[in-house]
Number of protein chains: 2
Amino acid sequence: MNRILIGNAVVGQSGGPTSAINATLSGVIRGVSENRADGKIQTLFGMRNGIEGLLRDDLIDLTSFFDCEEKYRLLEQTPAAALGSCRLKMPEPGADPAFYERLIHLFEKRNIRYFFYIGGNDSMDTVLKLTKYLKTASYQMSVIGIPKTIDNDLMGTDHTPGYGSAAKYIAVTVQEILRDCAVYRIPAVTIVELMGRDAGWLTAASALGRKITGSEPDLVYLPERIFEMERFLKDVREALSRHPNVVITVSEGLRFADGHYVGEGRQSGATDVFGHAYLAGTGKVLESAVKNAIGCKVRSIELNLPQRCAAHLASAVDLSESVTIGKDAVRAATGGVTGEMMVMDRVDAPEYTVAFGHRAIGDIANKVRKVEDRFINAAGNHVTDACVDYLLPLIQGEPEILYKNGLPEHLIF
Amino acid sequence: MNRILIGNAVVGQSGGPTSAINATLSGVIRGVSENRADGKIQTLFGMRNGIEGLLRDDLIDLTSFFDCEEKYRLLEQTPAAALGSCRLKMPEPGADPAFYERLIHLFEKRNIRYFFYIGGNDSMDTVLKLTKYLKTASYQMSVIGIPKTIDNDLMGTDHTPGYGSAAKYIAVTVQEILRDCAVYRIPAVTIVELMGRDAGWLTAASALGRKITGSEPDLVYLPERIFEMERFLKDVREALSRHPNVVITVSEGLRFADGHYVGEGRQSGATDVFGHAYLAGTGKVLESAVKNAIGCKVRSIELNLPQRCAAHLASAVDLSESVTIGKDAVRAATGGVTGEMMVMDRVDAPEYTVAFGHRAIGDIANKVRKVEDRFINAAGNHVTDACVDYLLPLIQGEPEILYKNGLPEHLIF
């Protein structure tokens, strides 16, 4: 696309919330207002609930709303998606042309020439389909995907905005749980279940204390390795022989060799305890297995939603990168880029440095980036030092959070 | 006790960990080192794992260890119990005199004349029994209980050290969950299960946003009210008729009229889903009930251990009071007080103010302070404004936490 496009822009958020997705939204708004768009973007509209907001013409004029620095700061420390989110699966362009014709009509009506979509894998599928359709249409518009996901599982980028804050939350919380578990002397196993159905990046972050405080979980199980119950119980027994307070982190996505999730509770001693109609959860199944096989005190806990929304404990590096990638998306789009996702490459330098760029969406969408083999130990029950080294820079720094009467301030609009 | 005692002191921590119990330990050490004891205490020993450490002669010389301000600061921001904890139930003094004779022998051996015990209800039982025994013995020692519990359920004090930090963690996390739940437009119920088996103070803290951000859970259920499933489902339906994203907080200690815990899963649609051998958890049972009766999207989450150990989010007011009450315990003991628990009274003043004092342990131990009637609404499904007003001062202020490479520093000794 070489024609210079002048008009308005829309931005949307899609998929699961994170602590940093609003920082990226702020970056896009900042990018437009700081005139990085060289005057090519007049008004930036926010789509409420992603593409669904566009379809029901529910847009907010962000250019007018963000009239002072304080609003940006508050937006950047607000968790979840300030514009709302959606999980709409777009039809294939060939299968439902009427859907796309309606979209184009809505774009034309407001002279939308720039489309920014902040999201994870499903959202990049939206970017890909819209890009494909536009190649066959006469309407000209730049379409840019901006990554966010706590799962860190998008291809083509060193890591994803949102992951660093989730990793920091997990690393800090696991340290606190390690302190908590250390207070008694009787043998006890604590199993912490972490998010990550297909990739173990979040669970890997539980080991970050290794190079900071010197304390970390005894065992760490990622979904990149087949889970074997007997091997697990052997690992637990060995850990208990070393010290009384054993802490284990597991990914919710662990699977047995037959492909079934551990959390389905189909194997092991958990089979009889939980009904088939209900997913027991990985931690609960393993808790039951340890109780039956070893008989010591055991409990399981899920860190659950706070992993993706505990913005009070965001990583300053993550928030800063999330703002920058939003700003850069604006510059890339008005510079003529379309059909690409913004990415971060780690520069080979003594200090941690990333270079911002973009890659074709077709090479990225609908793929899953797993934890690499070199990051998992040979026994498949912990992460390597190389993994900790990769993760460490991403959780650095504590943003200065604005509080009011004891609670962090959030921007709701 | 009017005789002036000169000798050594022991301090121990007992019961469940909190984010502030180490701040109280720091206060006791500060109290001794700042010579608030007027030279009456020579060496302060820490008992590892509470009274158990005394019994196995596992003591640490705290007077020597704490030789700089940085160690105090790190101790004050370290969660759980730095000295370790125990759940030892002391025998009745009359039932097992040999046990007490052994204790006295250990005290004599090290000339221990001051005994400080930081803990909750069970720990105050230890203080009470030791006090009772000493009344019949020739050995003279001052015995002081210092309260800590996230449950806020000790009698005789306006609130307990440790509660404010847990309340702040819950208030902040529930705000973040409210943001997270607001991103989609489809009807969904999120049930957040909070700690508190006998008293609803922790669950009440989930409503603190009312007077700060204006957002709070739709429904709040405390164990002070009998739980009725039909009434609950009616409440949920009404809430869903008002807006799509319903958030409910419930105490783990909710009970039916027949006295059974809701989390036992004996009643309602949950009966068939969970096995009898396993406590399903209050949230899971209610999730199942909503799914069966209403059929909308529903999930339940437990905030779990972080409620008591998320020291990165402690309340500055709580930490400050926790240090002060520890210091004051030293002053009280060396001033001749024994057999009492340190307390805080709220002073009737325009600004939140507490007065530190002490009350006879016999009036405090083995009682539970429930949430008062005036703090619960007439429908029994939320808290009153008076409750929010009582809670607000306790979560104020964010302590400056020292971080190293992205994680809070903890003192481990």
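The values are calculated or read from the model by the stated rules, or taken from the named source; none is laboratory data. Predicted model, so just to flag it, every value in this text is computed and none were measured. Note: ideal-geometry Cβ built from the backbone for every residue, glycine included; neighbour counts use all protein chains shown.
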| message | If the requirement is being of a type outside the set (Lys, Arg) and more than 24 Å from B:GLU398 (Cα to Cα), which of these qualifies: A:ASP389, A:ASP318? | response | A:ASP389
| task | Kindly indicate whether A:THR18 is in the same structural domain as A:GLN140 (by TED's automatic domain parsing), more than 27 Å from the chain's Cα centre (by Cα) and modelled with pLDDT of 95 or more. | result | no
| request: Pick out the one residue from A:ASP151, A:ASP122 that is in the same structural domain as A:SER19 (by TED's automatic domain parsing), modelled with pLDDT under 95 and not in a strand (DSSP E or B). | output: A:ASP122
| message | Can you go through A:GLY326, A:GLY335 and tell me which one is more than 10 Å from chain B (Cβ to nearest Cβ), over 14 Å from the mean Cα position of the chain (by Cα) and in contact (Cβ under 8 Å) with a residue 24 or more places away in the chain? | response | A:GLY326
| task | Could you tell me whether any residue of the stretch A:245-253 is within 14 Å of chain B (Cβ to nearest Cβ), hydrophobic (A, V, I, L, M, F, W, C) and closer than 25 Å to A:THR160 by Cα? | result | no
| remark: Among residues of the stretch A:201-229 being within 11 Å of another protein chain (Cβ to nearest Cβ) and not charged (D, E, K, R), the residue farthest from A:ARG308 (Cα to Cα) is A:GLY214
| field | Set B:ASP67, B:ASP57, B:ASP38: member being away from chain A (no Cβ under 14 Å), within 28 Å of the chain's Cα centre (by Cα), assigned to a loop (DSSP other than H, G, I, E, B) and not hydrophobic (A, V, I, L, M, F, W, C) | value | B:ASP57
| Residue, nearest to the other protein chains (Cβ to nearest Cβ), within the stretch A:366-413, restricted to residues that are among the acidic types (Asp, Glu) and assigned to a loop (DSSP other than H, G, I, E, B) | A:GLU398
| message | So the check is Cβ under 8 Å with 6+ separation or different chains; which pairs have a first residue in the stretch A:73-100 that's assigned to a helix (DSSP H, G or I) and a second one that's of a type in the set (Phe, Trp, Tyr) and surrounded by 14 or more Cβ atoms within 10 Å (Cβ to Cβ)? | response | A:LEU75/A:PHE66; A:TYR100/A:TYR133
| Does the stretch B:363-382 include one or more residues that are touching a His at 6+ places or on another chain (Cβ under 9 Å), at pLDDT 95 or above and more than 28 Å from B:GLU193 (Cα to Cα)? | no
| Scan of the stretch A:180-191 for residues that are at the interface with chain B (Cβ under 9 Å from one of its Cβ atoms) and farther than 16 Å from B:SER14 by Cβ, ordered by number | A:CYS181, A:THR190
| field | Candidate set from the stretch A:88-136 (those that are among the hydrophobic types (A, V, I, L, M, F, W, C) and within 14 Å of chain B (Cβ to nearest Cβ)); member that is farthest from A:GLY336 (Cα to Cα) | value | A:LEU88
| field | Residue tally, condition under 17 Å from A:VAL143 (Cα atoms) and within 14 Å of chain B (Cβ to nearest Cβ), over the stretch A:12-35 | value | 4
| request: With the checklist (1) touching a strand residue (DSSP E or B) at 6+ places or on another chain (Cβ under 7 Å); (2) at pLDDT below 95; (3) of a type outside the set (Gly, Ala, Ser); (4) surrounded by 23 or more Cβ atoms within 10 Å (Cβ to Cβ) in hand, flag the one item A:VAL11 doesn't pass. | output: (2)
| request: Please work out which residue is nearest to the other protein chains (Cβ to nearest Cβ), limiting yourself to the stretch A:70-87 and to residues that are over 21 Å from A:ASP125 (Cα atoms) and of a type in the set (A, V, I, L, M). | output: A:ALA82
| query | Just one of A:ALA310, A:ALA333, A:ALA293 is surrounded by fewer than 21 Cβ atoms within 10 Å (Cβ to Cβ), at pLDDT 95 or above and either more than 30 Å from B:SER300 (Cα to Cα) or of a type in the set (Gly, Ala, Ser) (or both); which is it? | reply | A:ALA293
| remark: Restricting the stretch A:144-192 to residues that are aromatic (Phe, Trp, Tyr) and buried (at least 24 other Cβ atoms within 10 Å of the Cβ), the one nearest to B:ALA80 (Cα to Cα) turns out to be A:TYR169
| How many residues does the stretch A:86-124 contain that are in contact with a Gly (Cβ under 6 Å, 6 or more places away or on another chain) and either over 21 Å from A:LYS367 (Cβ atoms) or acidic (Asp, Glu) (or both)? | 4
| One residue from A:ILE191, A:ILE186 being under 23 Å from the mean Cα position of the chain (by Cα) and either closer than 19 Å to A:ARG369 by Cβ or not in a helix (DSSP H, G or I) (or both) | A:ILE191
| List the pairs whose first member sits in the stretch A:371-385 and is within 13 Å of A:ASP235 (Cα to Cα), whose second member is buried (at least 16 other Cβ atoms within 10 Å of the Cβ) and of a type in the set (Val, Ile, Thr), and whose Cβ atoms are under 7 Å apart, counting only residues at least 6 apart or on separate chains? | A:ASN381/A:VAL220; A:HIS382/A:VAL220
